[in-house]
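Comments concern the structure below.
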């Protein structure tokens, strides 16, 4: 499978690239500074560009079978980067007939099927609303764009990301976190698996330990 990846230079993005290549996929990754990626492979095509640039996004999606998005806000990014990038991705997917997209967002993005979370998760949500309101607002806008896209989307919602080896021992679905934390390697494993597993098409699964 040929996968278009957005957000590949981030820590979760690099894990997605490494695992996708390990699984035998071809990857096209759009990154601002390819020199900082630190990964080279015969099946990895690195495109220098910006996810907010329509032409760069279209070049990345062209000729692929599925899209994986692990974008986030940085100190220098625009407040609506997720909205702009996702709008371009959806347009490109329609242009090139690509249907499957997996998006990563935070567990503080809520949906009606959610169960009541424990204190630490509710506290984290309060902090997000207070300290990262721009990110939260942009995440909800991104979610709405995918919902209206007509594509086969899955929005994976994760708590705090940590560093650790892939265990493949994680929960997905709708549940209360015992500890709101998950290793990036396991998040990457689930996102890549869900491309073809299609267990959560048009759904918003949480992932946690």
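Values in this text are rule-based calculations from the coordinates and carry no lab data. Nothing here was measured: the structure is a model prediction, and the numbers come from that model. Ideal geometry is used to build each Cβ from the backbone, glycine not excepted, and the neighbour counts take in all protein chains shown.
Structure values in brief
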| quantity | calculated |
| --- | --- |
| 10 °C / 1.306 mPa s Stokes-Einstein diffusion coefficient of region 2-208, Kirkwood radius on C-alpha pairs, µm²/s | 93 |
| Region 107-181 pair-distance distribution - Cα-Cα, 5 Å bins, rounded % | 3, 12, 23, 23, 20, 14, 5, 0 |
| Alpha-carbon centroid distance for the pair region 49-119 / region 129-173, whole angstrom | 10 |
| Debye log10 I(q)/I(0) at q = 0.17, 0.20 Å⁻¹ for region 165-209, Cα point scatterers | -0.45, -0.63 |
| Calculated [θ] (222 nm, deg cm²/dmol) that DSSP helices of n ≥ 4 give over the chain, each run adding -39,500 (n - 2.57) | -12000 deg cm²/dmol |
| Beta bridges by DSSP in the chain, antiparallel share as percent, to the nearest 5 | 10 |
| Label zone at residue 75, where the point sits 7 Å out along the Cα-to-Cβ direction: region 123-138 residues whose backbone N lies under 19 Å | 131-135 |
| Region 57-126: equivalent-ellipsoid semi-axes (sqrt of 5 x gyration tensor eigenvalues, Cα, Å) | 29, 16, 9 |
